[in-house]
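Student: My structure is below; once you've seen it, I'll send some questions.
The values are calculated or read from the model by the stated rules, or taken from the named source; none is laboratory data. All values reported here derive from a predicted model rather than from experimental measurement. All Cβ positions, even for glycine, are placed from backbone atoms using ideal geometry, and neighbour counts span all protein chains on display. Just the protein is used for accessible areas: all its heavy atoms, side chains included, with ligands, DNA and RNA removed. Shrake-Rupley method; radii C 1.70, N 1.55, O 1.52, S 1.80 Å.
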Amino acid sequence: SKSLSDEENVKLFGKCNNPNGHGHNYKGKELTSFLRRLIDPVSGMVINLTDLKEYMQEAIMEPLDHKNLDKDVPYFAEVVSTTENVAVFIWENLKKLLPMGILYKVKVHETDQNTVVYKGEETISE
């Protein structure tokens with residue numbers, strides 16, 4: 001985080017803190033988008049899978065695939081590239097392309113032990 005000192009970054013991010021970047025190779029099974037909508041009685045689908053594949057390509061693969069998030073993706077120039085923020089980025093990009101109200105949640109698996117689920121902005125009470 002540009003907002004923290006080197007010492008604070010080491011303390012907060014541990015082994016994930018690296019001034020030259022810290023990477024993960026995400027695979028299809030490590031990102032899941034959940035859609036919620038009534039099944040169309042004519043097509044029998046919630047959404048045409050060909051359309052969904054194109055939306056995923058535009059919203060996720062084109063901006064993120066084979067990229068250094070901190071250097072190649074303008075969004076992460078000012079936003080720390082945590083998995084939580086990757087999930088927000090994906091949510092926002094998919095939300096722009098999908099029919100209104102269909103996106104239910106985005107799940108990103110960083111490792112076998114770390115998974116982030118994002119459902120859009122929700123108020124968290126203290």
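Student: Please list, in chain and number order, the residues 5+ apart from residue 105 or on another chain whose amide H is under 5 Å from its amide H, with Hs placed from the backbone.
Tutor: Answer set, sorted by chain and number: 34.
Student: Here's another thing I want to ask about it. So what is the relative contact order for the range 24-118, in percent, with contacts set as C-alpha pairs under 8 Å and at least six apart?
Tutor: Worked out over the range 24-118, it gives 39 percent.
Student: For residue 110, which sequence-distant residues (separation of 5 or more, or a different chain) have an amide H within less than 5 Å of its own amide H, given hydrogens modelled in the peptide plane?
Tutor: The answer is 115, 116.
Student: So what's the net charge close to residue 87: Lys and Arg +1, Asp and Glu -1, counting the other residues with Cβ under 11 Å from its Cβ?
Tutor: My count for the surroundings of residue 87 gives 0.
Student: Enumerate the calculated ³J(HN,Hα) couplings along the range 103-111 in order (Karplus 6.51 cos²θ - 1.76 cosθ + 1.60, θ = phi - 60°), each rounded to whole Hz, writing x wherever the residue is Gly or Pro.
Tutor: 6, 9, 6, 10, 10, 10, 9, 7, 9
Student: Can you list residues whose amide H is under 5 Å from residue 68's amide H, if they're 5+ apart or on another chain and H is modeled 1.01 Å from N?
Tutor: none
Student: Among 88-95, 108-115, 44-51, what's the highest-first ranking by average C-beta atoms within 10 angstrom per residue?
Tutor: 88-95, 108-115, 44-51
Student: What order do you get for 58-65, 6-13 when each peptide is scored by the mean count of other beta carbon atoms within 10 Å, highest first?
Tutor: Taking the mean over residues of other Cβ atoms within 10 Å, the ranking is 58-65, 6-13.
Student: Using the reciprocal of the averaged 1/r over all distinct C-alpha pairs, how large is the Kirkwood radius of the range 24-118 in Å?
Tutor: Every distinct Cα pair counted, the radius reaches 14.1 Å.
Student: What accessible area, in Å² to the nearest ten, does a 1.4 Å probe give for residue 43?
Tutor: 60
Student: Using only the Cα atoms of the range 73-126, build the gyration tensor, take square roots of its eigenvalues as a ≥ b ≥ c, and label the shape rounded, prolate or oblate: rounded if a/c is under 1.5, else prolate if a/b is larger than b/c, else oblate.
Tutor: rounded
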